[in-house]
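Okay, structure first, notes after.
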Amino acid sequence: MLLGPALAVSAILFSIGVGGVLLRRNAIVIFMSVELMLNAVNLTFVALSQQLGPQGQVIVFFVMAVAAAEAAVGLAIMLAIFRHRETVDIEAFSVLRG
Amino acid sequence: MTEVVFWSFSGAAIVAAFLCVTRRSPVAAALWLIVTLFSIAALFVVLDAQFIAALQVLVYAGAIMVLFLFVIMLLNLGRGGPSDLRGAWGKLVAAGLGAVLVVELWAVRAVAPADHLQLPPGAMARMSEERGPVGVITDALFREYLIPFEITSMLLLAAIVGAVVLAKRRL
Amino acid sequence: MMPEVPASVSLVWLVVLLPLLGFLANGTLSFARPTATRAVSAVGAGVLVAAFVVAVAVAVGVARGAPEEPYVVTYWSWMPAGELSVDLAFQVDQLSTVMLLVVTGVGALIHLFSIGYMGADPGYARYFSYLNLFVFFMLLLVLGASFPVMFVGWEGVGLCSYLLIGFWFEDKVNADAGKKAFIMNRIGDAGFLVAMFLIFQATGSLSFQEVFRQAPATFEVGGTTITLITLALFLGCTGKSAQIPLYTWLPDAMAGPTPVSALIHAATMVTAGVYLVARTNVLFALAPVSSLVVAAVGAVTALFAATIALKQWDIKRILAYSTVSQLGYMFLGVGVGAWTSGIFHLATHAFFKALLFLGSGSVIHALHHAYHATHRHEDAQDVRNMGGLQRHMPWTAALMWVATLAIAGVPPFSGFFSKDEILSRAFTRGHEAPVFYVLWAIGVAAAVLTAFYMTRMMLYTFHGPNRTGDKEREHLHEAPWIMTGPLVVLGVGAVAGGVLNLPHILPAAGWLDMWLEPVTETGALFLPELHLEAGTEWRLLLGATVVAALGIGTAWRLLDPAALRPAAEAPAELGFARVLARKYYVDEIYDALIVRPFVWLSDRVLWKAADAFVIDGVGVNGAAQVARFAGWVGTRLQTGHVGTYVGLFVLGTLALLRVLTR
């Protein structure tokens, strides 16, 4: 059944994604880390759908759709920012400082 | 046999994910991410979700990652330039928080689903054999989740329009 | 069981409503058409005359019905709150009828007088609207069938008193006098309120009839509660009726127009305290200690104020201290249980004191015009600037002499009978406790002084050579008929008022005693039977005559109006005369003992320490500083760097997970 191991793998992947977001300054790599976190969650859903029915897989389907939309818009934003600032280093953006 | 496949792809996914977040070059990171996504697709198959695994390869490893690489290429971030990794403190914080998160997520496992919700063991595998891998989710998708499914199309349309508006130099 | 109300008595609402309508009409005119003096006069005085006519009808109704229980006319339920229920109801009985006639009768005369006196004042409409409002509240006070309704009138007349004392508010002295009256009255009103709370706690009711019905069973004679209640009520009386220690506002109240002094500060409002004691005679009868306090304060005030009046030069101030002194007599009367005598003196005093004030108003009016004609700025109220006025104002002089003889207690004028009755009742109670002999002696001493200072005032004003000034003398003249007319009517009252209640040794005696018996009989049950032998009563009457003659004679012999200098050239007073002229320095003592420490407390403690430092500094600014500090911490967190946000976000998520999976 492999539910426990699958959840453990998912937890590790998710944490690596979080660590990636914290570690990197390049906005595109941070995006990739977010995708990694989304996939870790998908893995959880699929693992649990074995026990609880097909709804989990339906959710994964929706997550993928949302992730695709998010990637498209997010990367478009990156392009727009890069066009103005010539960089995607998030430390360079601090106009929201209080 | 299943377990061997599971563990080997799990190991591959974890190693590739780790390399993805630690490689200096964005292109390398993207490629390692593709490896991870493929490994996860394999894990989906092991977990009796063949259709999702196919989607994973098509949408993620195919479409989304191509988009990433395309943007990296557009922005000319392929190689060179200073490392975008944070300093020693940043690494320590990332590693520490990541470790704590693993422990805590592991603890979430204790929250087991209620018994009456649980299917008998092997139910999904049997369903997959009876209806085919796609048939497993079509029933739910086109009955219970029909409206969210249709709304998803609106979401994607909005994303397309938004992406075009944002990325185009002049409208 | 309540007696059925006769038709004429049920008209009582009209008596109250008429002055209120007059107030509304004149109040509107004072904004819309302040120059329409004819309309103002017609409305202002007309409503009072009409009210007096209705009041007479009501009195006739009461006389015909001769009810043992008062007529209570209930209009609507005013404050139904749990166990407390107060109705807007009027109580018409023999006592309130007497007050009704005095207020509307004397009030109407003074309103007529005001037409002449105030005619040239730019605030004419405002003046009449205030005066009408005063009469409305005074009638509410007199007619209220419960403590709260009476209290509304009580507060209302205080308000009108304030408005009219400060009528010429452009002058700061006048506005200050108004404030002084208001604050002094507030102190007394607090006592009234406390008394109401105590009464409600003890009896569960605030309507007069219910309280008086329960009182003999609820309170034991001389008990603590009833003594506290009556003392608190009496505190209210000392404020309203200007008794020691709260009397100082009344002399200052002379800053108002003279007819106001006559109506409010002599004839009606200041007698409200006497009326209150007479109204609640059952309660005071149950508290002998409080009654003694009332009598003692009254007697001491009578003497104290009379001594001050000896050395005053301002004609209105002399009369003001005289009023305080006469009010002291009334309290001596109601304090010794002679409630009828107190009310009797109240009624006669209303006549002769209103006459004196209006007469002095007439004199001031004449002097004011004389000085105005020659553009000199002299004090038109100082008797040192008068003298010999009888040649110019024979009517005023004659009528004021009538009033003076009445207040001095010369037979057969009205004041003789009322004052003698109070003193003889005090003397009678001397069998019971010697302290009443002391009170009687104080009263007699005050009577001598009264005759003395009144004669002094008359001598200096109307006799001897004139000191106004040579040019001004030609402008002195008698007041118009609209002013002298009311004086004549009041003069008749001052002469003949005594027949209301002649001593028992004379024929047709004790009419007011019989009239008021239904009101006072319950209270009288708790007093010893008072009986005076005919011989003693004759001796007391004779003594009173001698006392009056002594005071007048001494003043006539000792004082020489020819030796007096005008105010501008007068020498300073020396010795004890100076102490009297400065009113025993009571105002200065109050200022040093109460006002200054209070101002210091307000300034240093309440304002600078409590308000400025604690509330503004710690409270308001402190709260702002805390918010500012929290905001500063918030801005430190708001770095603008996504990294910080993500780190904090992850930390928060971890904490949340920890809590949820516990």
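The values are calculated or read from the model by the stated rules, or taken from the named source; none is laboratory data. This is a predicted model, so every value here is computed, not measured. With ideal geometry, Cβ positions are generated from the backbone for all residues, glycine too; neighbour counts draw on all protein chains shown. Please note that ligands, DNA and RNA were not included when accessible areas were found on the heavy atoms of the full protein model with its side chains. Shrake-Rupley method; radii C 1.70, N 1.55, O 1.52, S 1.80 Å.
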Options B:GLY162, B:GLY98; residue that is within 22 Å of the chain's Cα centre (by Cα), at pLDDT 85 or above and open to solvent by less than 40 Å² (accessible area, probe 1.4 Å): B:GLY98
Which residue is nearest to B:MET127 (Cα to Cα), if the candidates are limited to the range B:137-165 and must be of a type in the set (Asp, Glu) and part of a helix (DSSP H, G or I)? B:ASP139
Return the residues of the range C:579-597 that are without any contact (Cβ under 8 Å) to a residue 24 or more places away in the chain and either open to solvent by 50 Å² or more (accessible area, probe 1.4 Å) or under 23 Å from the mean Cα position of the chain (by Cα) (or both); say none if nothing qualifies. C:ARG582, C:TYR585, C:GLU588, C:ILE589, C:ASP591, C:ALA592, C:LEU593, C:ILE594, C:VAL595, C:ARG596, C:PRO597
Go through the range C:206-241 and give me each residue that's among the polar types (S, T, N, Q) and in contact (Cβ under 8 Å) with a residue 24 or more places away in the chain. C:SER207, C:GLN209, C:THR225, C:THR227, C:THR230, C:THR238, C:SER241
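One line per residue, one yes/no per condition, for (1) closer than 24 Å to C:ASP121 by Cα; (2) of a type outside the set (Gly, Ala, Ser):
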| site | (1), (2) |
| --- | --- |
| C:SER161 | yes, no |
| C:ILE165 | yes, yes |
| C:GLU170 | yes, yes |
| C:ALA175 | yes, no |
| C:GLY178 | yes, no |
| C:ILE187 | no, yes |
| C:PHE192 | no, yes |
| C:ALA195 | no, no |
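To keep it simple, each residue is scored yes or no on (1) among the charged types (D, E, K, R); (2) in a helix (DSSP H, G or I); (3) buried (at least 23 other Cβ atoms within 10 Å of the Cβ).
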site: B:PHE6; (1), (2), (3): no, yes, no
site: B:SER10; (1), (2), (3): no, yes, yes
site: B:VAL21; (1), (2), (3): no, yes, yes
site: B:ARG24; (1), (2), (3): yes, no, no
site: B:TRP32; (1), (2), (3): no, yes, no
site: B:ILE40; (1), (2), (3): no, yes, yes
site: B:LEU43; (1), (2), (3): no, yes, yes
site: B:GLN56; (1), (2), (3): no, yes, yes
site: B:ALA61; (1), (2), (3): no, yes, no
Of the residues in the range C:470-493, those that are of a type in the set (A, V, I, L, M) and assigned to a helix (DSSP H, G or I) come to C:ILE482, C:MET483, C:LEU487, C:VAL488, C:VAL489, C:LEU490, C:VAL492
Is it fair to say B:MET73 is of a type outside the set (Phe, Trp, Tyr), more than 7 Å from chain A (Cβ to nearest Cβ) and open to solvent by 100 Å² or more (accessible area, probe 1.4 Å)? yes
Looking for something buried (at least 24 other Cβ atoms within 10 Å of the Cβ) and of a type in the set (Lys, Arg) - is there at least one such residue anywhere in the range C:212-220? no
Considering residues that are within 25 Å of B:LEU75 (Cβ to Cβ) and facing chain A (nearest Cβ under 10 Å), the number found within the range B:35-63 is 5
Residues being of a type in the set (Gly, Ala, Ser) and crowded, with 22+ Cβ neighbours inside 10 Å - total across the range A:31-71: 6
Any residue in the range B:95-113 that is more than 10 Å from every other protein chain (Cβ to nearest Cβ) and in a helix (DSSP H, G or I)? no
Filter the range C:403-412 for residues that are open to solvent by 30 Å² or more (accessible area, probe 1.4 Å) and under 24 Å from the mean Cα position of the chain (by Cα) and give the result. C:LEU405
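Each row is one residue, and each column tells you yes or no for (1) over 60 Å from the mean Cα position of the chain (by Cα); (2) on the phi > 0 side of the Ramachandran plot.
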{"position": "C:GLY617", "(1), (2)": "no, no"}
{"position": "C:ALA624", "(1), (2)": "no, no"}
{"position": "C:ARG628", "(1), (2)": "no, no"}
{"position": "C:GLY631", "(1), (2)": "yes, no"}
{"position": "C:LEU637", "(1), (2)": "yes, no"}
{"position": "C:GLY640", "(1), (2)": "yes, yes"}
{"position": "C:ALA655", "(1), (2)": "yes, no"}
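Just to be sure I understand, how many residues within the range A:7-30 are out of contact with any strand residue (DSSP E or B) (no Cβ under 8 Å at 6 or more places or on another chain) and open to solvent by less than 30 Å² (accessible area, probe 1.4 Å)?
15
What do you reckon, is B:ALA16 under 14 Å from A:ILE28 (Cβ atoms) and touching a helix residue (DSSP H, G or I) at 6+ places or on another chain (Cβ under 8 Å)? Give the steps one after another, and end with the answer.
On the way: under 14 Å from A:ILE28 (Cβ atoms): no; touching a helix residue (DSSP H, G or I) at 6+ places or on another chain (Cβ under 8 Å): yes.
Spelling it out, it is not the case that B:ALA16 is under 14 Å from A:ILE28 (Cβ atoms) and touching a helix residue (DSSP H, G or I) at 6+ places or on another chain (Cβ under 8 Å).
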Give the residue that is nearest to the chain's Cα centre (by Cα), with candidates limited to residues of the range B:45-54 that are open to solvent by 10 Å² or more (accessible area, probe 1.4 Å) and of a type in the set (A, V, I, L, M, F, W, C). B:ALA54
Given the conditions (1) among the aliphatic types (A, V, I, L, M); (2) within 30 Å of C:LEU656 (Cα to Cα); (3) within 8 Å of another protein chain (Cβ to nearest Cβ), report the number of the one that B:LEU119 does not fulfil. (2)
Report yes if some residue within the range B:43-55 is in contact (Cβ under 8 Å) with a residue 12 or more places away in the chain and farther than 26 Å from A:PHE62 by Cβ; otherwise report no. no
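Out of A:ILE59, A:ILE81, I need the residue that is at pLDDT 85 or above and either within 14 Å of chain C (Cβ to nearest Cβ) or on the phi > 0 side of the Ramachandran plot (or both). Which one?
Numbers: A:ILE59 fails: either within 14 Å of chain C (Cβ to nearest Cβ) or on the phi > 0 side of the Ramachandran plot (or both).
Going through A:ILE59, A:ILE81 in turn, just one is at pLDDT 85 or above and either within 14 Å of chain C (Cβ to nearest Cβ) or on the phi > 0 side of the Ramachandran plot (or both): A:ILE81.
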For the range C:25-59, which residues satisfy the criterion of being part of a helix (DSSP H, G or I), over 21 Å from C:LEU112 (Cβ atoms) and open to solvent by 20 Å² or more (accessible area, probe 1.4 Å)? C:THR28, C:PHE31, C:ALA32
Can you find even one residue in the range C:621-641 that is under 30 Å from A:GLY20 (Cβ atoms) and of a type in the set (A, V, I, L, M, F, W, C)? yes
Go over the candidates C:LEU139, C:LEU112, C:LEU133 one by one and state the one that is open to solvent by less than 10 Å² (accessible area, probe 1.4 Å) and at pLDDT 90 or above. C:LEU139
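Residue by residue, here is whether (1) more than 10 Å from chain A (Cβ to nearest Cβ); (2) among the hydroxyl-bearing types (Ser, Thr, Tyr) holds:
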residue: C:THR639; (1), (2): no, yes
residue: C:PHE649; (1), (2): no, no
residue: C:ARG658; (1), (2): yes, no
residue: C:ARG662; (1), (2): yes, no
Run down A:LEU43, A:LEU7, A:LEU36, A:LEU75 and say which single residue is within 14 Å of chain C (Cβ to nearest Cβ), under 18 Å from the mean Cα position of the chain (by Cα) and part of a helix (DSSP H, G or I). A:LEU7
Exactly one of C:THR225, C:THR248 is open to solvent by 60 Å² or more (accessible area, probe 1.4 Å), on the phi < 0 side of the Ramachandran plot and among the hydroxyl-bearing types (Ser, Thr, Tyr), and that one is C:THR225
